Structure formats: C-alpha cells, structure tokens
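**Q** Next up is a structure, given as structure tokens.
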Amino acid sequence: MIADPQLRTAQALRIDGVSHRFGANKALDNVTFDVHGGELVALLGPSGCGKTTLLRAIGGFIAQSEGQISIGGAVVDHLPPNKRAVGIVFQNYALFPHMTAAQNIAYGLEARGTAKAATTARVDEMLALVKLQNLAGRYPKELSGGQQQRIALARALAVRPAVLLLDEPFAALDKNLRLDMQIEIKRIQRLARTTTLIVTHDQEEALSMADRVAVFNQGRLEQFATPSMVYDAPAALFVNTFVGAANVLHGTIRTLDVDFVTLTLDGAGEICGRMLQPVSIGAHAVVCIRPEHLQRTASGLAATIELGLPLGSTIVYEARLANGVAVKISEPREAGAEPLSPGTPIHLAPKGPRLATVFPHHA
Amino acid sequence: MAASTNIATTYGLRLAAPLAIFYAAFFLAPLLILFYVSLHVDPEMTRFGFTQYAKFLFDPFSLAVLGHTMWIGVEVTLLCLVLGLPLAWLYVRAPSWAQSTLMLVILLPLLTSVVVRTFSWIVILGRQGIVNTTLASLGLIDAPLKLLYTEAGMVVALAQVQMPLMVLPLITALSKLDPSLLDASSALGAGEWRTFRKVILPLTLPGIVAGCLLTYAAAITAFITQTLVGGGQMLFMPMYIYQQATTLSNWPFAAAISIIFLGAVLVALSLFSLLGRLSKGYAHA
C-alpha cells in the first residue's frame, strides 16, 4: 500500500483544442477532453486514428500544432519530456537491457537526484507493489513478458508521475496473460491513484478497464463517455460499428417525432429508431441495431433464417431481409434448445425504439 | 545429430581451405621466416642468438620510438572517437535521403588512394597551405604557423584517413539502439547528458571498442601518412623497420623490431578487446 504525504498523483489532465499535422495529414483534429484526477481513461480507435500521436504529445515527444495540454491545472506545452512528470509504459516496455529490474526502477529516482536510501526504499516498495521482490536482480531478458511489463510499470510509477500513459500495454502479451495483467494494472492503478491513459485498439480492453473511454477516428474524438454509455448510446455511426457489433441498415426518413423517427428501409419494411443528429423527412439515413437488441416478433421486418449458430449460452442467427441485406440476431439459448433451421421465415423488430439509433447518411 | 554435425564441419573446413592455404603461404610462412631471421646475431646471418632483441629492449632510443608510436595510436583513436561519435549519431538520426549522402562522405577516405589523401593534407597544412593563407587573410596570424611536420598535424591527418574505420562500427552500434529507450530515459526525468552516459554509452560500448581496435591498429602502422605528414624529424616504428632493413641492410635487427612491434600491438589490442568483452557482459545485450 502506498501511503506517501508527497503524493503528486491524482492530477487532472486537460486536452484543449489539440490538433496535430504530419505534413498535409491531420493526425489530431481539434481534440478536447478532461480527465479527472485518479481516473483511468482508454483512448480507443483503429490504428492511425491519432491516439498514439496524442499520447506522444502528452509525453512531450512531439509538439502539437495547435491547442494546449495541461496537467494539474498548469500548461505543460513548453516543457521537454524530462520536466513533465509523465510516466510512460511503452508498447515494447523499453526496459534498459544493461540494468537489472531494480536498477531500471531506480533510474528515474536517480535522475531526479533522490537520496540513495530513499531510492532503495522506493525501489523495494515498487517491487512489492508489482509483487516481484524476488526478481530484483534479474536483467530484462531473464524476465517473462508479463514480468517485464510489471517492471516497466513499477519504473514509471516509482517517480510518482502526475499522469501515467500506457501505450498498447497488452499487445505483446499472449491471451491468457492479458486478462491477468489487465486486472493487475487496474489494481495497481487503484492503489497508486495515478491518473492513467491507456492507448488501445482493443475495445474489450477499453470497455473492461477504463472509467471512461475516448473513441477516436481519423484524428477526431468521436465520443468521450463511460464504457456503458459508449456501448449503449453511441454518439456516432463510427462508434456504433467500431465498439461492439452492429447491423447497419440503409433507408429513408418517413416520419419525424421529437426524438424518434420512422425509417423506410429500401424494400424491406419500416423501422423506428432514436435520432441523435437532426435529419429531415425524405433524407437518406442509416439505422444501427446491435444483434442482441433485435428480437423475433409476430410482426416486423420479414426475414429468412440463413444460418443458426448455437454458441453455448446464446444463439446467433444470420438472416436475410426481404431486400437481400444480411442481419445478425443474438438471443439467449434455453437449455436443450436447438437453433431454427435455415429457410425458416421470421419477423424482426428492435427490443425497444431507444435501441435502434439513426444516423444521417452522407453518401 | 553427431553425423550431421560432422557433415557440416567437413563442408566448413573444405570451404575454408583456400583461405587457410593462402594465409599459411603468405602470412604464417613469412612471419616464421621473419622470426628465423630475427634470431641471428650478425647482419650476415651466420650465428644464432637473441642479441637483436636485447639490443632493442635495452636501447632507450628504440624504446622511445616504440612508446611514441603506441602513443600516437592512442591520440589518433581518441580524436577519431570524439569526432566520429557525433558523426555516427547524425547519420543514424538523419532522414534516409540524407543518409546516402552522409555515407558517401563517410566512405570517401576509403575510396581515395592513401597517397592522394596524404598529399592533400600537405597542401592543407603547408606554409602556403589553405589553413595558413585563410588565417593570414583574416589577419589572425602574421607569420605562417608550422602545421606540417608536427605531431598535431600528423594526428589530424591520420584521424581523417582512419575515420571510416571508427564511424562504421559506431553506426552499426547506434542503429541497433532502440529509440524508445531514449524516450523512456527522457520520460523518467533524465536530461540528455544522463541519457548519453547511462543508456547510449553502455549500450554502444561494444561498437566503440570495435571502432577503437580498428582505428588504433591502422593508425600505428600507417607508414605513408606517418612519413609524409610527420616528416623526417619524427621516427615511428614502421619507418624504423624500413630504415633498418633497406638502408642499413640490418635484416636481423629489422626482423626483431618487427616481432617486438607485433607483440606490442597484440598486447594493446588484447587489452582493448578485453574491455570489449567486459562491456559486453556489462551491457547484457
């Protein structure tokens, strides 16, 4: 347990209108968000979406073209990386190969001129935190991937950074170890109460670990919300399709209500959904429905079962609508239940009008 | 397992045979002849004895020549290291279009004849040379400085000639360095000097040692540059051997000096490579 009166952790991080260009390419486009002190935020997006650029800008390795980054209320844009109090765990861990685990952890403390006794005490404390006391004298190449990662984490946390950045921390780990390390990092982050940003392209990782998720696409911040909000109420079509699975159906707006619209699907019937951005009657639009939010009903969109996959606790169907568009339906499976056979005619409707989200369609 | 190892070994030996024969005939055999010649007491080579070795090892003049030669090697190596490290760093950090130009500049000394390079240094360092005329036209000096035929001038010329031997191993070592290690060092609060001392230097030490080995061995045996830029006032081992053999026709003494010089160089190089092995253990890479 860390109990230190000088704790500089739990500092707020503010990203204010940050843009960055690589030549003509806009890697970050006017990104603004606030991270509370001690919060764990995941920067989620496909590769090339700008999340790593933002991480490097916060670390001070690149100077953003526009906007401000502040830590604990102070603007840090003019500071080089070694003056920023930002801890980083690199994707390849970047442990110094010529130093032992303990020497790696001590490196930042020595660079800051910490007294020898205090350094030794802090190194022991960090080794205890990551539960690797018995491996203090090992060199990085003598450690497993998970152990290397924990040493890298201990090294970054040893100097009590105001903000901790983790760049694709689980990409190099095999699947079994990944979950263990996710739990481990979450535990350590809670104990150290360090404001933490995790860059990842893995939505499960982001949803399971983060207090809030920032979804990036092509340099833009598409949504910044809690994992449940991002999943249940996606703010953009990209978020809806990138996070979780979604059926995307094209149609034309037929009626407008305050929040809800009715859509005529091209040759497949009508569907009602929640509208996020203003649309007009007759406009082209797309509606997104997650497979588990579709149900078989007496009336609704007519479809034919193509395939039924019993996946233990759920059954996933692939069905074809009257206009030939394929949709997926996921429903819980009762004990002993067999999937419907291919060719069975069914009718489909969203479980509720809030669960179908309508986005304007830009052809 | 044993059979396959045997096959591999036989192939290896057969492929290595031409080179082995070449070395035996043109390197090992002459060396043995050299040693045989050195064991004669008189220049006419009629009687055997170790007097030639005793003559060198108890002669202050000869020992001074040996010491001076070895010291020149140290000076040239240090100058190459100090100038070569930033150059190698520049090369590794440069964008790829600039790298090809830089590599040409780095390799240029190797692509030019030693004689041509040495004469160009005479032009640069001479009384009416580029350095002196520039300094004079700037009004910094009244009389031309003596640059040619000085130890400093010769060390600079040798350093230029041997520079590729230092820079190429350094480039190899520096490009193997993971750039994220430097970012990690910086993020942990280390300034550039600490990063250089604690991360870059220990991890590139094997390359530095390799560069020093090559530069040192080349610098102390560089007969042409030592003679032409150093001039007649300074005597170094290669010229000493040459004089004894051709001018004085004292072949046994020349052979003995050669063997002693060879021994001294081997000792110096072993010390260097010992340092390299220690650094390798230290670097754990």
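The values are calculated or read from the model by the stated rules, or taken from the named source; none is laboratory data. Since the model is a prediction, treat every value here as computed from it, not as a measurement. Ideal geometry is used to build each Cβ from the backbone, glycine not excepted, and the neighbour counts take in all protein chains shown.
**Q** With respect to the numbered conditions (1) surrounded by fewer than 19 Cβ atoms within 10 Å (Cβ to Cβ); (2) among the aromatic types (F, W, Y); (3) closer than 27 Å to A:A322 by Cα, which one is the sole condition not fulfilled by A:F238?
**A** Going through (1) surrounded by fewer than 19 Cβ atoms within 10 Å (Cβ to Cβ); (2) among the aromatic types (F, W, Y); (3) closer than 27 Å to A:A322 by Cα one by one, A:F238 breaks only (1).
**Q** Could you say whether any residue in segment A:85-96 is hydroxyl-bearing (S, T, Y) and surrounded by 21 or more Cβ atoms within 10 Å (Cβ to Cβ)?
**A** Among the residues of segment A:85-96, at least one is hydroxyl-bearing (S, T, Y) and surrounded by 21 or more Cβ atoms within 10 Å (Cβ to Cβ), which makes the answer yes.
**Q** Tally up the residues in segment B:65-82 that are within 11 Å of the chain's Cα centre (by Cα) and crowded, with 21+ Cβ neighbours inside 10 Å, please.
**A** 5
**Q** Same structure, new question: Output the strands (runs of 3 or more DSSP E) that fall wholly within segment A:183-302 and possess 3 or more residues being of a type in the set (A, V, I, L, M, F, W, C) and in the same structural domain as A:V327 (by TED's automatic domain parsing), or say none.
**A** Where strands (runs of 3 or more DSSP E) fall fully within segment A:183-302 and carry at least 3 residues being of a type in the set (A, V, I, L, M, F, W, C) and in the same structural domain as A:V327 (by TED's automatic domain parsing), they are A:247-256, A:260-265, A:269-275, A:284-289.
**Q** Can you name the residue in segment A:84-102 that is out of contact with any Pro (no Cβ under 8 Å at 6 or more places or on another chain), within 8 Å of chain B (Cβ to nearest Cβ) and among the aliphatic types (A, V, I, L, M) and is also nearest to A:I151 (Cα to Cα) among such residues?
**A** The qualifying residue nearest to A:I151 (Cα to Cα) is A:A94.
**Q** So, of the residues in segment A:61-83 that are part of a loop (DSSP other than H, G, I, E, B) and facing another protein chain (nearest Cβ under 8 Å), which turns out to be farthest from A:A27 (Cα to Cα)?
**A** This residue is A:P80.
**Q** Moving to a separate point now. Output the residues belonging to segment B:109-143 that are without any contact (Cβ under 8 Å) to a residue 24 or more places away in the chain and among the aliphatic types (A, V, I, L, M).
**A** B:L111, B:V116, B:V123, B:I124, B:I130, B:V131, B:L135, B:A136, B:L138, B:L140, B:I141, B:A143 - these are the residues of segment B:109-143 that are without any contact (Cβ under 8 Å) to a residue 24 or more places away in the chain and among the aliphatic types (A, V, I, L, M).
**Q** Applying the selection to segment A:158-204, what residues are of a type in the set (S, T, N, Q) and in contact with a His (Cβ under 9 Å, 6 or more places away or on another chain)?
**A** A:T195
**Q** Check off (1) in contact with a Pro (Cβ under 8 Å, 6 or more places away or on another chain); (2) surrounded by fewer than 20 Cβ atoms within 10 Å (Cβ to Cβ); (3) more than 14 Å from chain A (Cβ to nearest Cβ); (4) assigned to a helix (DSSP H, G or I) for B:M163 and give me the number that stays unchecked.
**A** Going through the list (1) in contact with a Pro (Cβ under 8 Å, 6 or more places away or on another chain); (2) surrounded by fewer than 20 Cβ atoms within 10 Å (Cβ to Cβ); (3) more than 14 Å from chain A (Cβ to nearest Cβ); (4) assigned to a helix (DSSP H, G or I), B:M163 breaks only (2).
**Q** Need at least 3 residues that are of a type outside the set (A, V, I, L, M) and either crowded, with 17+ Cβ neighbours inside 10 Å or in contact with a helix residue (DSSP H, G or I) (Cβ under 9 Å, 6 or more places away or on another chain) (or both) per element, so show me which strands (runs of 3 or more DSSP E) inside segment A:319-363 make the cut, counting only ones lying wholly within it. If you could, list the steps in order and put the result at the bottom.
**A** On the way: elements: A:326-332, A:345-350, A:356-360.
Of the strands (runs of 3 or more DSSP E) lying wholly inside segment A:319-363, those with at least 3 residues that are of a type outside the set (A, V, I, L, M) and either crowded, with 17+ Cβ neighbours inside 10 Å or in contact with a helix residue (DSSP H, G or I) (Cβ under 9 Å, 6 or more places away or on another chain) (or both) span A:326-332, A:356-360.
**Q** Moving to a separate point now. Take segment A:286-315 and flag every residue that is under 15 Å from A:P350 (Cβ atoms) and either of a type in the set (K, R) or surrounded by 18 or more Cβ atoms within 10 Å (Cβ to Cβ) (or both).
**A** Within segment A:286-315, A:V286, A:V287, A:C288, A:I289, A:R290, A:P291, A:H293, A:L294, A:R296, A:L301, A:A303 qualify.
**Q** Quick one: A:I183 ticks every box in (1) surrounded by fewer than 23 Cβ atoms within 10 Å (Cβ to Cβ); (2) within 14 Å of chain B (Cβ to nearest Cβ); (3) β-branched (V, I, T) except a single one, so which number is it?
**A** Condition (2) is where A:I183 drops out.
**Q** Name the single residue that is surrounded by the most Cβ atoms within 10 Å (Cβ to Cβ) among those in segment B:177-214 being at the interface with chain A (Cβ under 10 Å from one of its Cβ atoms) and β-branched (V, I, T).
**A** Once the filter is applied, the top-ranked residue is B:V199.
**Q** So, A:L173, is that one under 30 Å from A:G219 (Cβ atoms), assigned by TED's automatic domain parsing to the domain that holds A:L13 and among the hydrophobic types (A, V, I, L, M, F, W, C) or not?
**A** So A:L173 fits the description; yes.
**Q** Before we move on, is A:A115 more than 9 Å from chain B (Cβ to nearest Cβ), closer than 25 Å to A:D174 by Cα and out of contact with any Ser or Thr (no Cβ under 9 Å at 6 or more places or on another chain)?
**A** Answer is no for this residue.
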